[in-house]
Structure formats: C-alpha cells, structure tokens
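The values are calculated or read from the model by the stated rules, or taken from the named source; none is laboratory data. Note that the structure is predicted; figures quoted are calculated from it, not measured. Every residue, glycine as well, gets a Cβ built from its backbone with ideal geometry; the counts of neighbours run over all protein chains shown. The accessibility values were calculated without ligands, DNA or RNA, using every heavy atom of the protein model including side chains. Shrake-Rupley method; radii C 1.70, N 1.55, O 1.52, S 1.80 Å.
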Amino acid sequence: MIMNKYLSITPEIAEAIASGKPVVALESTILSHGMPYPENVEFAHKVEEVVRAEGAIPATTAIIGGKLKVGLTAEELEIMCKAENVGKVSRRDVAVYLATGRTGATTVATTMMIAAMAGIHVFATGGIGGVHRGATETMDISADLQELANTQVAVVCAGAKSLLDIGLTLEYLETMGVPVLGLRTNDFPAFYCRKSGFGVDYNVESEEMAAKIMQTKWDLGMKGGAVIANPIPVEYELDFDEMEGVIQNALAMAKEQGIRGKATTPFLLSQIKELTKGVAFASNVQLALNNAKAASKIAVAMSKLNQQ
Ligand code: PSU
Ligand code: MN
C-alpha cells in the first residue's frame, strides 16, 4: 500500500483493507464514457450489489475535488454517471486532474494505479484498452497495457472489444510479461463474443486457482498484474460477424471525422452504442456484472490465502 495525501478511502473500505477482507475495485470510465445516462446509474448500483452478494466490498474509483476517491457515495456515483464536465483520466492525466481539482473518470490504467495505492489487488471491468487497429501507423496503444505490466492488480474483463487489434494486443502483453488467463476457457474473448479467434495463455479452471497464481506472482516480488479473461455468458453473446460489421462502420466514421488520441475509444464506443440500438448495451451490462462476480470470488479466495 502506498498511502498518500491524495487518497480518500471510505471508512468501510479502509477497514476492510486493513483487516484483509476481500475488496474489488471498479472503474468509472465505463460509467461516464461507456454507458448512457441514466441507465448507467442503475448499473453502478447493481454492480456494487453483485460484489456484496459474493461477500466482497466494492470500491468504485474516481478523481473528485483533488482526491483519488476509493469508494463513491450515491451522490458521487450520480456525478460520474451524469458525466457533465467529467474527463477521461488515464495515467498521464492524473496529476493534472488532482492539482486543478477537475472531475475525472478512471480508466483501467488509473483504476489499477489507485487500487494498488490503496492496497486493493482485484479489479473488475468490462473490457481493457489495447493496441488499436492501425497502430503500426498511429502508435495508438492504450496505457492500460503498460499499467498491467507494472502494477500489481488482477484485472477481470471480458477480453477486449474487437475494435482493437486483438492479436497485437496479446503480442504486446506477452512482450510486457503480462499473463493472460482464461477463466474456464481456451479462447480470448472479444467482449460481446465468447471467442476472438485468439487463444489465452492458460485456461484456469477456477477463481481459487486464479487467486493462487496471482498470489504466487506477487510472492515472488514480480511487478505487474494479469488479464483474467472471463467470457460473456452464452445467453447474452452477440453474433461475431454482425459485431464486426458494426465495428467496421464505427472505425470508418472515426476515420472520416478525423478522431484521434484519447477521443478514439469513447468515440468508437458511442458509435457502437448508436449502431446497435441498445442490444449491445444489455450485453455490456451482463458481461460487466459477470466479471464483478468472478472478481469477487477471486478476492475472497485471495483473502483466504493471505489468512493462512
Ligand atoms: N473498452 C470498452 N469499454 C470501455 C473502455 C474500453 O469496451 O469503457 C474504457 C476503459 O476505461 C479503458 C479505456 O481503460 O476505455 C481505454 O481507453 P484508451 O484506449 O484511450 O486507453
Ligand atoms: Mn489511445
């Protein structure tokens, strides 16, 4: 744990961390820039309920009023969901947002950063950022991948959206020494789809084993986390070819409008949202809840390992 004066942890979460109880970090970019208002408010509460139902404590992170918030009140969740003047904060933006008092939604990279500072090592999200299609020209590679290489947090996700170049994303993770573990699957999932055409490094049969692998990595003093890839439940899976069409459309629009840099991911997400008229949103909610459940089980198992 790296305590600093910018961390503002709710008493419940602080107590849980201090006594080794399971805590699961949750990000806010998925709320502010990944889902429509007010549906995201319902999701924000629901995902916290799922974590609690598994016996863990939810810790949604954000940057508000010059503080790195770990655990948000209902009012703060509302602010993040309304997303008026709420920026998207990756690692490079953190100090600026803190110093100037801006409100920022945390990406996978910053949620990992803040979680590790607070002493939380399990995090549930929807999909990670990665190497964008065309990155050999644009060099657009999410800071999420560097964070996975450096920060000790296990990130439970439904893989990555295929708006990214999933093959290059996996190559990058290999180079950076980040294990990609499939939770009861051999396939690296593509968010809405259970298969991406690429495999995972290891198929892990249980949340307990995932916890043991993470604990072992950290017992060795190795920096960095892992991608724990948890496929969307079958009943909510969308058709791969249909999604590919939607993604191609969104990519073409981004190109047409000259969208670049940090605007790229939110732009593509909002286009996908438009093009799929809510069907994809329902799947997005379900896969994120499913990840919260798995992450909570991992946090519970990790907490038990540490008490032995
Ligand atoms: N992918 C999604 N949904 C999301 C994101 C990615 O399917 O909400 C968000 C996450 O917060 C992720 C961030 O960390 O976008 C990556 O942005 P960038 O590519 O600019 O690093
Ligand atoms: Mn980028």
Hey, could you check region 111-127 for residues that are out of contact with any Asp or Glu (no Cβ under 7 Å at 6 or more places or on another chain) and open to solvent by 10 Å² or more (accessible area, probe 1.4 Å) and say which is farthest from ligand 2 (Cβ to nearest atom)? 119
Of all the residues that make up region 77-100, how many are farther than 23 Å from residue 156 by Cβ and open to solvent by less than 40 Å² (accessible area, probe 1.4 Å)? 6
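Do we find that residue 292 is under 24 Å from residue 31 (Cβ atoms), within 16 Å of ligand 2 (Cβ to nearest atom) and either assigned to a helix (DSSP H, G or I) or in contact with an Asp or Glu (Cβ under 9 Å, 6 or more places away or on another chain) (or both) in this structure? Walk me through it before giving the result.
Numbers: under 24 Å from residue 31 (Cβ atoms): yes; within 16 Å of ligand 2 (Cβ to nearest atom): no; either assigned to a helix (DSSP H, G or I) or in contact with an Asp or Glu (Cβ under 9 Å, 6 or more places away or on another chain) (or both): yes.
Criteria not met by residue 292.
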Tell me which residues, restricted to region 140-168, are more than 12 Å from ligand 2 (Cβ to nearest atom), in a helix (DSSP H, G or I) and crowded, with 24+ Cβ neighbours inside 10 Å. 147, 148
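With the structure loaded, tell me whether residue 262 is in a helix (DSSP H, G or I), within 20 Å of the chain's Cα centre (by Cα), within 16 Å of ligand 2 (Cβ to nearest atom) and among the charged types (D, E, K, R) or whether it fails that test. So that I can check it myself, show each step before the final result.
Values: in a helix (DSSP H, G or I): yes; within 20 Å of the chain's Cα centre (by Cα): yes; within 16 Å of ligand 2 (Cβ to nearest atom): yes; among the charged types (D, E, K, R): yes.
Spelling it out, residue 262 is indeed in a helix (DSSP H, G or I), within 20 Å of the chain's Cα centre (by Cα), within 16 Å of ligand 2 (Cβ to nearest atom) and among the charged types (D, E, K, R).
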Show the residue pairs that are 6+ apart or on different chains and have beta-carbon atoms under 9 Å apart, the first residue being within region 100-112 and touching a residue at least 24 places away in the same chain (Cβ under 8 Å) and more than 13 Å from residue 29 (Cα to Cα), the second being away from ligand 2 (no atom under 14 Å from the Cβ) and in a helix (DSSP H, G or I). 102/96
